Structures are given as structure tokens and as C-alpha cells.
Amino acid sequence: MKYIIYGGGPAALIPATEDIIERHGRHVRWIGVDRGAFTLAESGISMEKAVGDFDSVSRREWETIKTAVQLPEIYPPEKNETDLELAVDFAEKQKPEQIVIVGGTGGRMDHFLSAVHLMEMSRSYLTIEDKVNRMCSLEAGLHCVSRSSFPYVSFLPATDTVEGLTLKGFRYDLSNRKLTKKSTLCISNEWNYTEAEVSFRTGRLLMVESRDMY
């Protein structure tokens, strides 16, 4: 079971729903967040849940949302959690194999950084994706990763230090290196083979796959 959480970020960076389905399959479950719920409803996507204060949608748009969702939930604008956090919390309770956030990048930076924090703290495998980026968080250990359509791959420490970082199968391999938050050593690496390995002993690592926008 896989959940797609569809936010209300800039449309220019959000993959088309057809592309999301092609990548993740037709049997994904959809959660619309605030105005993202209207975009899904307008695209003919049925949602399992829609969450938010919905202050960015008109009355007509809200009626459209209600035709496409099983569980619409309106929250007050003044609350302790962001709309995205409420969506992630619901998805995690369903114990999915993966949660994918789209529409969470390219807008307000505070919203994007809060999405990254949610990814780092998630109990599930959670990725943040848009047309030019895909990001996930890796725990200490060995990770076998497959080459994707994104030409660049970067690694950034989510903790103060990452110990024993080893990269195999990339253009720039590493062996047993210490990576700190002030380091840019692992920015803009590239794939060298169809399969690669990432391993480290301690810490937490962000893996960002990307392509240029132009």
C-alpha cells in the first residue's frame, strides 16, 4: 500500500497525475492537502482523505472536492500542526510501504523545510518528489539503490555527522569517510552503474536525486 500526499505547491513543479500513476502504479491511495485536494478532484482523482483549513478554495471548489473524497476534514487555520503533518500522520497510521509527498516544494521555504523534517522523523519510508527532484532519508546501514532518470545524486547529513560513509557504483566513489553538515563533498555526484551502494555506520543521510530545470 502506497500513499500519495498531494499538496498545493506551485503547479509548474508538480508532476502530472498521469506521470505519478505511471511511476507509482494505479492502486495508490491519494490524500489531498488543502488546495491540492481541488486539483486532484478536478483531475478526476478519487481521494481517500482531504485535509486542511481550505481557506484557499472557493465555495464552488469545495463542492468539487466533496464529490471526490471519502473523508473530507476541515481544520481551523489556528492549530499546532500543519496541514501536511496531519496528512502524513493519517497515512502513517495505515502502515503503508511508502508515503510520497508531491506539491510540497517550490513555494514557501518554511513549508518545504517542515516537509523535510516530517520526512526525517517519519516512521515510514517517505519521499518528497517534484519534476526535478526526489528526496529520501536513509538510516545507518547498507542501502542498495538503483539508477533513476535523475542524472545527479547528492548526499547531505541530516545529523551533525555521518560516520563511515562509503559510496560504490557512482562516478565519485567514497570509502569510509566522515561527513559533517558544513561539508559539500557529496553534492552533484552521478550514477556510474545501474546499481549502486550507500553505506554508513552512524547518523542519518538525505539522498537527493535531481536534474536541471532548463
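Out of the residues in region 25-37 that are more than 18 Å from Ser58 (Cα to Cα) and at pLDDT below 95, which is surrounded by the fewest Cβ atoms within 10 Å (Cβ to Cβ)? Taking the candidates together, the pick is Arg26.
Restricting attention to region 187-211 and to residues that are among the hydrophobic types (A, V, I, L, M, F, W, C) and either more than 20 Å from the chain's Cα centre (by Cα) or in a strand (DSSP E or B) (or both), the residue that is surrounded by the most Cβ atoms within 10 Å (Cβ to Cβ) turns out to be Phe200. How many of the residues in region 66-95 are of a type outside the set (Lys, Arg) and either in contact with a Pro (Cβ under 7 Å, 6 or more places away or on another chain) or in a loop (DSSP other than H, G, I, E, B) (or both)? Here the count works out to 10. Of all the numbered requirements in (1) at pLDDT 95 or above; (2) part of a strand (DSSP E or B); (3) over 15 Å from the mean Cα position of the chain (by Cα), Tyr172 misses one, and that requirement is (2). For region 175-186, the set of residues classified as assigned to a strand (DSSP E or B) and either in contact with a Gly (Cβ under 7 Å, 6 or more places away or on another chain) or more than 18 Å from Val145 (Cβ to Cβ) (or both) consists of Asn176, Lys178, Thr180, listed by residue number.
Can you tell me which residue within region 71-81, out of those that are of a type outside the set (Val, Ile, Thr) and surrounded by 10 or more Cβ atoms within 10 Å (Cβ to Cβ), is nearest to the chain's Cα centre (by Cα)? Among residues in region 71-81 that are of a type outside the set (Val, Ile, Thr) and surrounded by 10 or more Cβ atoms within 10 Å (Cβ to Cβ), the one nearest to the chain's Cα centre (by Cα) is Glu81. Can you find a residue that is in contact (Cβ under 8 Å) with a residue 40 or more places away in the chain and within 25 Å of Cys136 (Cβ to Cβ) anywhere in region 68-84? Yes, region 68-84 contains a residue that is in contact (Cβ under 8 Å) with a residue 40 or more places away in the chain and within 25 Å of Cys136 (Cβ to Cβ).
If the condition is being closer than 14 Å to Ala140 by Cβ and not hydroxyl-bearing (Ser, Thr, Tyr), then region 151-176 contributes Phe155, Pro157, Ala158, Asp160, Val162, Glu163, Gly164, Leu165, Asn176.
Residues in region 147-159 that are farther than 17 Å from Leu174 by Cα and either at pLDDT 95 or above or surrounded by 11 or more Cβ atoms within 10 Å (Cβ to Cβ) (or both): Arg147, Ser148, Phe150, Pro151, Ala158, Thr159. Annotation: of all residues in region 118-166 being charged (D, E, K, R) and part of a strand (DSSP E or B), the one that is farthest from Leu84 (Cα to Cα) is Glu163. Scan region 96-117 for residues that are charged (D, E, K, R) and either assigned to a helix (DSSP H, G or I) or under 18 Å from His24 (Cα atoms) (or both) and the total you get is 2.
Looking only at residues in region 112-129 that are of a type outside the set (A, V, I, L, M, F, W, C) and modelled with pLDDT under 95, the one that is surrounded by the fewest Cβ atoms within 10 Å (Cβ to Cβ) is Arg123. A residue that is within 28 Å of Met121 (Cα to Cα) and part of a loop (DSSP other than H, G, I, E, B) occurs nowhere in region 58-65.
Of the candidates Gly169, Gly141, Gly106, the single residue that is in the same structural domain as Thr39 (by TED's automatic domain parsing) and at positive phi is Gly106.
The values are calculated or read from the model by the stated rules, or taken from the named source; none is laboratory data. What you are looking at is a predicted structure, and each value in this text was computed from that prediction instead of being measured. Glycine gets a Cβ as well: all are built from the backbone with ideal geometry, and neighbour counts include every protein chain shown.
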